[in-house]
Amino acid sequence: MNYTEAERYLFGRRRMGMKYGLERVRALLSAAGDPQRSFRTIHIVGTNGKGTTTAILSEILLQMGFRTGRITSPHLLHYRERTSVDNKWITEEAVVEFLEEFEGQIEELEATFFEITTVMSAWYFRRLGVDVAAAEAGLGGRLDATRLLEGECTIFTGVELEHRRILGSTEALIAAEKVAISSEGTFLIAYPQKSDVEEVISRTAHMASLKRVVPDPPDRAPLPGEHQIRNAGLAISAALHFSGRPEDEVMKAYSRACSSLRWAGRLDLRKGSPPILFDVAHNPGSISCLVRQLREMGVNLPVPAVVGFLEDKPWREMVQQLRGVLEPVVTTMPLNERSLSAEILADEFIASGTKAYWRDDIGEAVEFGRELASELLVVTGSFFIVGDAMLRSWRDGWIELPESDSEQVQAL
C-alpha cells in the first residue's frame with residue numbers, strides 16, 4: 001500500500017456514514033495497545049470555534065514546553081493535517097503503516113473514517129512521545145470517538161442548532177450531548193450560556209463532579225475577529241487549569257503563541273491581485289462573524305464572493321445574512337456527498353435580490369470571481385470549498401502563502 005492507496009481506502013470508509021456507539025473505537029484502541037494511556041488529553045466540544053480553540057490551545061501548550069498532539073476535523077488542505085504533533089502533520093509513512101498493521105481489525109470491526117482517524121492519532125501520539133493532546137470532538141461528545149481518549153479537561157465553546165436529527169432538537173439537548181464527553185471529576189471550561197444551556201451545564205457539572213471554570217478573555221487574540229478573543233480565553237483557561245502552572249508562565253506562553261500561531265482558512269487574508277479572504281463560515285454564527293469582520297475592515301460593501309455550502313446546513317438562512325454584504329456571488333459545489341447544488345444556491349441568492357452566477361468547478365468559480373473583483377474577493381462556506389479554493393489559488397499563482405505555510409503546503 002502506498003499513501004495514495006491508503007488515502008483512497010480511508011475516504012472509502014466514508015460510505016459507511018456515521019455509526020452510534022463506542023464499541024468499535026474501544027476495540028480498535030485495545031488492538032493498538034491502548035495508546036491513549038500514554039498521554040494526557042484536553043477535549044474541545046461545541047458548535048463554532050472548536051478548531052481554532054484547539055489550535056490556540058495546542059500552540060500555548062507547545063510554547064510551555066509540552067510535546068503537543070492535535071486532533072482536528074474536518075481538514076482544510078489535506079487529510080494529514082487532522083493529526084499533528086508540534087504543528088507537523090502525521091507523515092504519509094505513518095498513515096500507511098497504521099493501515100497495513102490494523103486493516104484486519106478495521107475490516108472486522110467495520111470501523112468508520114472518523115473512528116480510524118481517532119485511533120490512528122492516538123497511536124501516532126504514543127509513537128512520538130506526546131505529553132498532551134488537544135482533541136477536537138467530531139459531531140457530538142457523549143458518543144464521539146474522541147471521548148475514549150479520557151480527557152482531564154473539557155472546553156465547551158458554545159452551541160447552535162445543528163445536526164438536530166442526531167444530537168437533539170434544542171440547544172439544551174445538543175449541549176447535553178456535547179458536554180457529556182467530560183470525565184468525572186475533571187475541569188469544564190465554559191463561558192456563561194443562555195439559561196436553558198446553562199442549566200444543562202450546571203446539572204452535568206453537579207452529576208459528574210466537574211470543576212466548572214468561567215474564563216476571562218484576554219486583551220488580544222492570535223487570529224483576526226472579535227470572536228477569537230473568546231476562543232483564546234477558553235484556551236488560556238484550559239492551559240492554566242490543566243497544567244497547574246503559574247498564571248504568568250501561561251500568559252507568557254500565550255503571548256508567544258500570538259506571534260507564532262498560523263491557522264489557515266479563518267478570516268485568512270492572502271496577498272494577491274486581488275487579495276482573497278478565505279473563511280470557513282459554514283453556519284449562521286460563523287457567517288455573522290464574517291459579516292462583522294468585513295464591516296470592521298472598512299472595505300466597500302458589497303464585495304464579490306465565491307460561496308458553497310453543504311445541503312444539511314441552514315443555507316437559506318445564511319443567504320439572507322449575506323444580503324448587501326457579498327455581491328455578486330459565484331456559487332460552487334463542494335466535492336462531498338452532502339454537496340448543495342451550485343445552481344440551486346445561485347437561484348436562492350437571486351431570489352433574495354443578490355446578483356449571482358454558478359460554476360460547479362471550484363477553480364472555475366474562483367477564476368470568475370477574480371474577474372469580478374478589484375479590491376477584494378471573499379471565498380467562504382464549507383471547508384471543502386475553502387480548502388480546495390485556497391490550494392487551487394496558490395497553484396495558479398493567484399495568492400501568496402505565508403512563509404509558515406510553505407513547507408507543508410508546497411509538498412501537496
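Since every read-out is calculated from the coordinates, none of them should be taken as a lab result. Everything numeric here is computed off the predicted structure, so don't read it as measured data. Positions of Cβ are generated from backbone atoms using ideal geometry, with glycine treated the same way; all protein chains shown enter the neighbour counts.
Between amide H atoms placed 1.01 Å from N, distances below 5 Å from T331 occur with V307, Y357, W358, R359, all of them 5 or more places distant or on a separate chain. Tell me, rounded to the nearest percent, the portion of alpha carbon pairs in the range 268-409 spaced more than 28 Å apart. Value for the range 268-409: 9 percent of Cα pairs lie more than 28 Å apart.
When the Cα positions of W315, S182, A31 are compared along the charge dipole of the chain, S182 comes out farthest toward the positive end, with charges on each C-beta of Lys, Arg, Asp and Glu. Can you give the angle from 0 to 90° between the axis of helix 3-12 and the longest principal axis of the chain, with both taken from C-alpha atoms, to the nearest 10? The angle comes out at about 90 degrees. Among the listed pairs K19/K50; K313/K355; K19/K194; K50/K211, a Cα-Cα separation exceeding 24 Å is found for K19/K194. Projecting the Cα atoms of L240, L10, L77 onto the dipole axis of the range 3-260, where Lys and Arg carry +1 and Asp and Glu carry -1 at the beta carbon, places L240 farthest toward the positive end.
At 222 nm, what value in deg cm²/dmol follows for the chain if DSSP H runs of at least 4 each add -39500 (n - 2.57) and the sum is divided by all its residues, to the nearest 500? Write out the running numbers ahead of the final one.
Details: 16 runs with 185 residues, N = 412.
Computed ellipticity for the chain at 222 nm equals -14000 deg cm²/dmol.
Dipole magnitude for the chain: computed about the Cα centre from +1 point charges on Lys and Arg Cβ and -1 point charges on Asp and Glu Cβ, it is near 800 debye. Sparsely packed loop sites in the range 250-328 (the trypsin sites (Lys or Arg not before Pro) outside DSSP H, G, I, E and B with at most 15 other Cβ atoms within 10 Å) comprise R262, K271, R323. Protection proxy ranking of 337-344, 283-290, by the mean of other Cβ atoms within 10 Å over each peptide's residues and highest first, is 283-290, 337-344.
Here H78, H227, H241 are placed in order of increasing Cβ neighbour count within 10 Å, fewest first, which gives H78, H241, H227. Tell me whether the range 147-289 comes out rounded, prolate or oblate; compute the Cα gyration tensor, take square roots of the eigenvalues as a ≥ b ≥ c, and use a/c under 1.5 as the rounded threshold. The shape class here is oblate. Averaging sequence separations of C-alpha pairs under 8 Å and six or more residues apart, then dividing by the length of the chain, give the relative contact order as a whole percent. Over the chain, the number comes to 15 percent. Working note: Karplus 6.51/-1.76/1.60 with θ = phi - 60° gives the range 149-157 the couplings 7, 6, x, 9, 7, 10, 9, 10, 7 Hz, where Gly and Pro are set to x. Nearest 10 degrees is fine. How inclined is helix 284-297 to the longest principal axis of the chain, computing both from alpha carbons? Around 60 degrees separate the two axes.
Here the Karplus relation 6.51 cos²θ - 1.76 cosθ + 1.60, evaluated at θ = phi - 60°, turns the backbone of the range 364-374 into coupling constants of 5, 5, 5, 4, 5, x, 5, 5, 8, 9, 10 Hz, with x for every Gly and Pro.
With both residues required to sit in the chain, DSSP beta bridges show an antiparallel share near 20%.
Database remark: amide H of A133 closer than 5 angstrom to the amide H of R40, T41, I42, G69 (H placed geometrically; neighbours at sequence offset of 5 or more, or on other chains; Pro and chain starts carry no H). For the chain, the longest principal axis of the alpha carbon atoms and the long axis of helix 113-127 meet at an angle near 60°.
Could you work out how much longer the chain between E107 and D396 gets when fully extended? Use 0.36 nm per residue separation minus the Cα distance between them, nm to one decimal.
Values: separation 289, 0.36 × 289 = 104.04 nm, distance 3.98 nm.
Stretched fully, the E107-D396 segment lengthens by 100.1 nm.
With a Förster radius of 56 Å applied to the beta-carbon distance between E92 and S195, the computed FRET efficiency rounds to 0.70. Restricting the range 174-225 to trypsin sites (Lys or Arg not before Pro) that sit in a DSSP loop and have at most 14 other Cβ atoms within 10 Å of their own Cβ leaves K194, R220.
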